[in-house]
Structures are given as structure tokens and as C-alpha cells.
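To start, the structure itself, in C-alpha cells.
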Amino acid sequence: MRLSWDDGLRYPLGKINKEEAKFIYDIGYRVAGIAGPLDATEDDINYAKDIVAEAGLVMGPFWLGHAAFRPDPEQHREHRKAMITALRIAGKLGCPHLGYSVGSMHTESTYMHHPDNHTQKALDILIKYTRELAPYAEDAGCLLCPETTQWTIVNNIERMKEFVERVDSQFLRICFDPVNHMTSQRVYESGIFIKKAIGYLGDCIGSIHVKDVKVQNNVLVSHIDEIPMGTGLLDHESLIKASVQLEPWKTFSLEHISDKNLWKPAYDHIQKIAEGIGHEWSDPNCTRERWLKGQCK
């Protein structure tokens with residue numbers, strides 16, 4: 001997999017920060033995620049591509065806070081339109097996939113819990129509307145790759161697999177984020193869960209999100225939260241080792257580190273583990289298209 005920094009370039013595409021792009025490169029990253037308003041012009045897209053290339057970076061995922069299905073009809077139409085537009089922009093940028101929330105029946109948030117999220121009906125509806133988006137992803141040459149949690153409609157690895165297999169498109173995969181699925185039974189031996197989950201999901205995974213996790217002190221109720229990379233409990237060595245089962249063009253993506261002072265420590269932590277086990281990341285230029293043509297390993 002390609003090591004990626006997914007929090008990298010989140011500006012209007014016509015105003016990508018040159019210095020920050022170079023800062024990301026100097027840390028050691030070669031693949032950087034991107035996001036921006038959906039009213040980007042062709043000039044904005046070309047400007048962003050030029051800045052990223054000048055910095056020596058390769059485009060990573062394009063991120064969007066929308067979902068393929070919303071329970072409110074008007075909001076659903078807005079989200080569908082936004083996702084189609086985002087796929088078009090991401091495809092022109094050369095992004096490997098569009099990252100977004102897999103969705104919730106909650107009317108105010110694509111990530112919030114709702115009792116109907118765990119029903120088969122909700123999953124069936126989500127599959128229906130995701131199938132409708134798959135041709136747009138294929139036209140753009142950019143995969144749909146939604147993120148899940150324990151509270152979204154797709155909320156465990158069994159539903160992840162059912163979701164991908166039933167949509168039945170080469171342009172839909174899942175973003176596997178082990179931190180989003182930590183429980184009190186998994187957190188102290190997260191490597192076991194990670195290896196089993198990746199082995200079970202296999203090619204259903206299009207990207208891996210990499211974070212860290214801690215258990216909050218509370219006598220009666222378990223609280224599991226994110227924490228800066230390398231300071232928590234997640235077994236990143238097992239995550240790296242398990243990731244070699246996946247295709248090399250996919251992204252091993254660090255995320256959710258807003259403090260720029262922590263960007264390099266996060267990279268250093270992951271890189272130290274990788275070097276310690278003799279792991280080499282895929283060529284940053286190994287895109288899905290090149291890999292399918294046999295042009296990279």
C-alpha cells in the first residue's frame with residue numbers, strides 16, 4: 001500500500017498552500033489527500049494539480065462530508081448531486097478514491113447513531129442508492145470508498161463485506177478504520193482484530209485509515225477515544241503487516257491530526273515501525289490504472 005497523509009491539502013483548490021504542500025513532502029510523505037469546495041473550476045483543478053506536482057507529491061483521496069443516502073428526500077438530492085460532482089472533480093485531479101461517510105438514518109448527521117442504522121432495511125436502501133452512483137465513479141475513474149463506524153448503517157465487518165459484494169462494482173470498496181471499530185474486547189489486543197478483519201474483508205478494502213486510540217478512565221462505562229499517533233494502544237505493527245495483503249495502489253492513510261506540530265511525529269512513528277519490520281511502502285506513483293496495466297508492483 002502507499003503511505004498517505006489524508007489531512008494534507010484542505011483548501012479551495014485554486015488556493016492550495018504551496019508552502020504546506022512542500023512541508024508535507026519534507027516530512028517524508030509522498031501521497032497527500034485533498035478536499036475543496038465543489039464549485040471548483042477547471043483552472044482551480046489544474047492549479048491544484050500543478051502545486052501538488054511541484055511539491056513532489058502524488059494526489060491521494062478526495063474527501064467529502066456527504067453520503068450516498070439521506071433519509072430526508074431534499075437532503076438526499078443535495079447529497080447525490082454533491083457526490084456526483086465530487087467524483088468528477090476527484091477523477092480530474094487523479095485521486096484514487098472519493099472518501100465519504102457511508103451514511104446514517106439520522107436526519108442531522110451522516111455519522112450519528114440511529115436505531116434504524118442496524119436494520120437490514122437501512123442496508124438495502126443504502127445498497128440501492130450506492131449502486132446508482134457506481135457508474136459515475138466508473139466514468140470518473142475514481143472509486144467510491146466510504147468510511148464506517150460502529151454507529152453508521154454499515155457498522156461491522158460482516159456488513160462491510162455484504163455492502164461491497166451486493167453493490168457489485170469494481171468502483172466501490174470500503175475504507176477500513178480499525179479505530180472506528182474499537183471495543184473493550186478489542187482495544188488491548190487490537191492486532192488480533194486487525195488481522196482477522198483484513199483477512200476476512202480482503203479486496204473489499206480500498207483504503208486503510210490509520211489513527212491511535214486510548215481508553216478513558218471511567219469505572220462504569222467504557223470510553224474509547226482517538227489520541228495522537230504513537231501515544232495510544234493501537235497495534236500499528238500488525239496493521240502494517242496485514243496491509244501487505246492488499247493491492248499496492250491502495251492507500252495506508254494517516255488522518256485526524258489537526259495540529260501541524262504532530263504531523264511529523266505521526267509520520268516518524270509509523271515509519272519507525274515499518275523500518276523495524278523491513279516493510280517498504282508501495283511506489284507513490286503506483287496508481288490503480290498503472291497497476292492494472294502491470295506497470296508497477
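The table below lists the values:
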{"quantity": "Residues whose placed amide H lies under 5 Å from that of residue 2, excluding near-sequence neighbours", "calculated": "250, 251, 252, 282"}
{"quantity": "Protein-only accessible surface order, largest first, of 85, 231, 251 at 1.4 Å", "calculated": "231, 85, 251"}
{"quantity": "For region 135-269: relative contact order, % (alpha-carbon pairs under 8 angstrom, 6 or more apart)", "calculated": "22"}
{"quantity": "J(HN,Hα) series, region 181-189, from Karplus relation 6.51 cos²θ - 1.76 cosθ + 1.60, nearest Hz, glycine and proline x", "calculated": "10, 6, 9, 5, 7, 10, 5, 8, 9"}
{"quantity": "Antiparallel bridge percentage (DSSP; both residues within the chain; nearest 5)", "calculated": "15"}
{"quantity": "Whole-number accessible area per residue in Å² for region 168-296, which is evaluated in the context of all protein chains at 1.4 Å", "calculated": "49"}
{"quantity": "Residue pairs, from the table 15/250; 214/260; 195/241, whose Cα atoms sit over 19 Å apart", "calculated": "15/250; 214/260"}
{"quantity": "Helical contribution to [θ] at 222 nm, DSSP H n ≥ 4, -39,500 (n - 2.57), averaged over the chain, rounded to 500", "calculated": "-12000 deg cm²/dmol"}
{"quantity": "Gyration tensor verdict on the chain (Cα atoms; rounded if a/c is under 1.5, prolate if a/b is larger than b/c, oblate otherwise)", "calculated": "rounded"}
{"quantity": "Net +/- balance of residues flanking residue 236 in space, Cβ distance below 15 Å, scoring K and R +1, D and E -1", "calculated": "-3"}
{"quantity": "Length added when fully stretched, residue 39-residue 72, from 0.36 nm per residue minus Cα-Cα", "calculated": "9.5 nm"}
{"quantity": "Percent RCO, i.e. relative contact order, over region 65-104, from Cα pairs under 8 Å lying at least 6 residues apart", "calculated": "53"}
{"quantity": "Value of relative contact order over region 101-194, rounded to a whole percent, pairs C-alpha under 8 Å and six or more apart", "calculated": "29"}
{"quantity": "Theoretical FRET efficiency, 1/(1+(r/R0)^6), r = Cβ-Cβ of residue 261 and residue 223, R0 25 Å, to 0.05", "calculated": "0.45"}
{"quantity": "Cα gyration tensor category, rounded, prolate or oblate, for region 147-297 with a/c compared to 1.5", "calculated": "oblate"}
{"quantity": "Tensor-based shape of region 200-258 (alpha-carbon gyration tensor, a/c under 1.5 rounded, otherwise prolate or oblate)", "calculated": "prolate"}
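The values are calculated or read from the model by the stated rules, or taken from the named source; none is laboratory data. As the structure is a computational prediction, the values presented were derived from the model and not from experiment. Because the Cβ atoms are built from the backbone with ideal geometry, glycine has one as well, and the counts that use them run over all protein chains shown. We work out accessible area using only protein heavy atoms, side chains counted, and drop any ligands, DNA or RNA first. Shrake-Rupley method; radii C 1.70, N 1.55, O 1.52, S 1.80 Å.
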